[in-house]
Amino acid sequence: MRRGIITAIRGLGFLVALTVLTAVTQVGGVILLAAWGIACLWRPRGKRGYATAGLFAALYTAASLWVVPPLATLGGRQALPCGLIEDNSVGPRSLFFCALNRHYATPTVGAALTALADDMARSYPGIQVAYLDASFPFFDGFRMLPHLTHDDGRKVDLAFFYVDGEGRPSAMISPSPIGYWGYEQPRLGDPTPCSGDGQRWLARWDLNWLQTLLPERTLHAEATAAMIRWFAGPGSQYGVQGLILEPHLQKRLGVEGSRVRFYGCGTARHDDHIDVSIWP
Ligand SMILES: [Zn+2]
């Protein structure tokens, strides 16, 4: 009886791990299944859990480095640079995005980000464009939670630029270490379409408790606005469909209109990053 309960708990834990890994990394669930299958053959009795965990770590790392990138290109997506080997002008705000295989996009998105970084470097030498979530490596329509979009390799979130210790813009020092959830707050008189009526929006997290824990940073408004304007200017040749930004930042940065829009109150806040959609 007791053994049956333990087996049931283990089975449930395995299913939860499978679901979470698939939701967070797309390929992790399949790799966990493969690791478990090998562990069953290799260690038919005892310590199968440890063997599965060890095999998963090894297989996930190897697959992420050498198997997933070439397979993703068959479906039309490429890994954005992770900045590990090359000295890139485009890189992730955190290696977390690469480690979880959330850094895949169409070659057009990759080319647009490189061109953006090159053009930005003319005004700000050495500047690096930092991306957050892009898409998973495979399958159109596979949702990358918690995003409503990011399911086709054509969307990428970009970090704002903040003022570093020497007064220069840096995208790698956003208040949050992963770029998300450290918000630029509206100023007095700014448009705040999602407040004032007492309504609570399900997917719109203010995370007030977190804001007090994050370091204070000053937005580099000039560089951030230049990045946004680039998409409506030189970047439009890549097929920029739109950028999502909160209304108060659109006003503060002077980038209202053209391709910049507000996605509504029923989605995540976009005053910690900007969401860009690119398809030719
Ligand atoms: Zn986004």
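Where residues in segment 155-176 are of a type in the set (Val, Ile, Thr) and in a strand (DSSP E or B), which of them is farthest from the ligand (Cβ to nearest atom)?
Narrowing segment 155-176 to residues of a type in the set (Val, Ile, Thr): 156, 163, 173.
This time we only want the ones that are in a strand (DSSP E or B), so: 156, 163.
Numbers: Val156: 7, Val163: 24 Å.
Here the residue is Val163.
For segment 13-23, indicate whether the set of residues that are surrounded by 13 or more Cβ atoms within 10 Å (Cβ to Cβ), touching a residue at least 60 places away in the same chain (Cβ under 8 Å) and closer than 22 Å to Ser277 by Cβ is non-empty.
Within segment 13-23, the subset surrounded by 13 or more Cβ atoms within 10 Å (Cβ to Cβ) is 14, 17-18, 20-23.
Still in the list and also touching a residue at least 60 places away in the same chain (Cβ under 8 Å): 23.
Filter once more, keeping what is closer than 22 Å to Ser277 by Cβ: none.
Checked against the condition, which is being surrounded by 13 or more Cβ atoms within 10 Å (Cβ to Cβ), touching a residue at least 60 places away in the same chain (Cβ under 8 Å) and closer than 22 Å to Ser277 by Cβ, segment 13-23 yields no hits at all.
Regarding Asp272, is this residue within 16 Å of the ligand (Cβ to nearest atom), under 21 Å from His147 (Cα atoms) and touching a residue at least 40 places away in the same chain (Cβ under 8 Å)?
Values: within 16 Å of the ligand (Cβ to nearest atom): yes; under 21 Å from His147 (Cα atoms): yes; touching a residue at least 40 places away in the same chain (Cβ under 8 Å): yes.
So Asp272 fits the description; yes.
It is to be established whether one or more residues within segment 90-111 are over 15 Å from Gln26 (Cβ atoms), over 17 Å from the mean Cα position of the chain (by Cα) and either within 16 Å of the ligand (Cβ to nearest atom) or in a loop (DSSP other than H, G, I, E, B) (or both).
no
If you check Leu59 against the conditions, is it in a helix (DSSP H, G or I) and at pLDDT below 95? Let's see the steps before the verdict.
Numbers: in a helix (DSSP H, G or I): yes; at pLDDT below 95: no.
So Leu59 fails the test.
So if I check each of Asp190, Asp151, Asp157, which one is crowded, with 24+ Cβ neighbours inside 10 Å, acidic (Asp, Glu) and either assigned by TED's automatic domain parsing to the domain that holds Leu207 or without any contact (Cβ under 8 Å) to a residue 24 or more places away in the chain (or both)? Working first, answer last.
Working: Asp190 fails: crowded, with 24+ Cβ neighbours inside 10 Å; Asp151 fails: crowded, with 24+ Cβ neighbours inside 10 Å.
Exactly one of Asp190, Asp151, Asp157 is crowded, with 24+ Cβ neighbours inside 10 Å, acidic (Asp, Glu) and either assigned by TED's automatic domain parsing to the domain that holds Leu207 or without any contact (Cβ under 8 Å) to a residue 24 or more places away in the chain (or both), namely Asp157.
Return the only residue of Gly83, Gly179 being within 16 Å of the ligand (Cβ to nearest atom), assigned to a loop (DSSP other than H, G, I, E, B) and either out of contact with any Asp or Glu (no Cβ under 8 Å at 6 or more places or on another chain) or at positive phi (or both). Spell out how you get there, then give the answer.
Working: Gly83 fails: within 16 Å of the ligand (Cβ to nearest atom).
One residue alone meets the criteria, Gly179.
Checking His248 against (1) farther than 23 Å from Ala112 by Cα; (2) without any contact (Cβ under 8 Å) to a residue 24 or more places away in the chain: exactly one of these is not met. Which one?
Exception for His248: condition (2).
Note down all Cβ pairs under 9 Å where the first residue falls in segment 212-237 and is assigned to a loop (DSSP other than H, G, I, E, B), the second is basic (Lys, Arg), and they're at least six residues apart or on different chains.
Close Cβ pairs (under 9 Å, with a partner that is basic (Lys, Arg)) amount to His220/Arg168.
So is Leu132 in contact with a Gly (Cβ under 9 Å, 6 or more places away or on another chain), within 30 Å of Thr7 (Cα to Cα) and either surrounded by fewer than 18 Cβ atoms within 10 Å (Cβ to Cβ) or not aromatic (Phe, Trp, Tyr) (or both) or not?
On the way: in contact with a Gly (Cβ under 9 Å, 6 or more places away or on another chain): yes; within 30 Å of Thr7 (Cα to Cα): no; either surrounded by fewer than 18 Cβ atoms within 10 Å (Cβ to Cβ) or not aromatic (Phe, Trp, Tyr) (or both): yes.
The answer is no for Leu132.
Quick check on segment 117-143: of everything there that is without any contact (Cβ under 8 Å) to a residue 60 or more places away in the chain and within 15 Å of the ligand (Cβ to nearest atom), which residue is nearest to the chain's Cα centre (by Cα)? Before you say what the answer is, go through the steps one by one.
Keep residues of segment 117-143 that are without any contact (Cβ under 8 Å) to a residue 60 or more places away in the chain, which gives 117-118, 121-122, 125-126, 128, 130-131, 133-135, 140-141, 143.
In the following step, the residues that additionally are within 15 Å of the ligand (Cβ to nearest atom) were identified as 130-131, 133-135, 143.
On the way: Ala130: 10, Tyr131: 7, Asp133: 1, Ala134: 5, Ser135: 8, Arg143: 13 Å.
Residue satisfying both the conditions and the ranking: Asp133.
Output yes when any residue across segment 241-256 is touching a Gly at 6+ places or on another chain (Cβ under 8 Å), modelled with pLDDT under 90 and either assigned to a loop (DSSP other than H, G, I, E, B) or more than 14 Å from the ligand (Cβ to nearest atom) (or both), and no when none is.
The first filter runs over segment 241-256 and keeps only residues touching a Gly at 6+ places or on another chain (Cβ under 8 Å), leaving none.
No; the residues of segment 241-256 include none that is touching a Gly at 6+ places or on another chain (Cβ under 8 Å), modelled with pLDDT under 90 and either assigned to a loop (DSSP other than H, G, I, E, B) or more than 14 Å from the ligand (Cβ to nearest atom) (or both).
Would you confirm whether or not segment 231-238 contains a residue that is among the hydroxyl-bearing types (Ser, Thr, Tyr) and either more than 16 Å from the ligand (Cβ to nearest atom) or at pLDDT below 90 (or both)? Can you show your working first?
Step one: of segment 231-238, the residues among the hydroxyl-bearing types (Ser, Thr, Tyr) are 236, 238.
Keeping just the survivors that are either more than 16 Å from the ligand (Cβ to nearest atom) or at pLDDT below 90 (or both) gives 236, 238.
Yes, some residue in segment 231-238 is among the hydroxyl-bearing types (Ser, Thr, Tyr) and either more than 16 Å from the ligand (Cβ to nearest atom) or at pLDDT below 90 (or both).
The values are calculated or read from the model by the stated rules, or taken from the named source; none is laboratory data. Remember, it's a predicted structure, so these values are computed and weren't measured experimentally. Every residue, glycine as well, gets a Cβ built from its backbone with ideal geometry; the counts of neighbours run over all protein chains shown.
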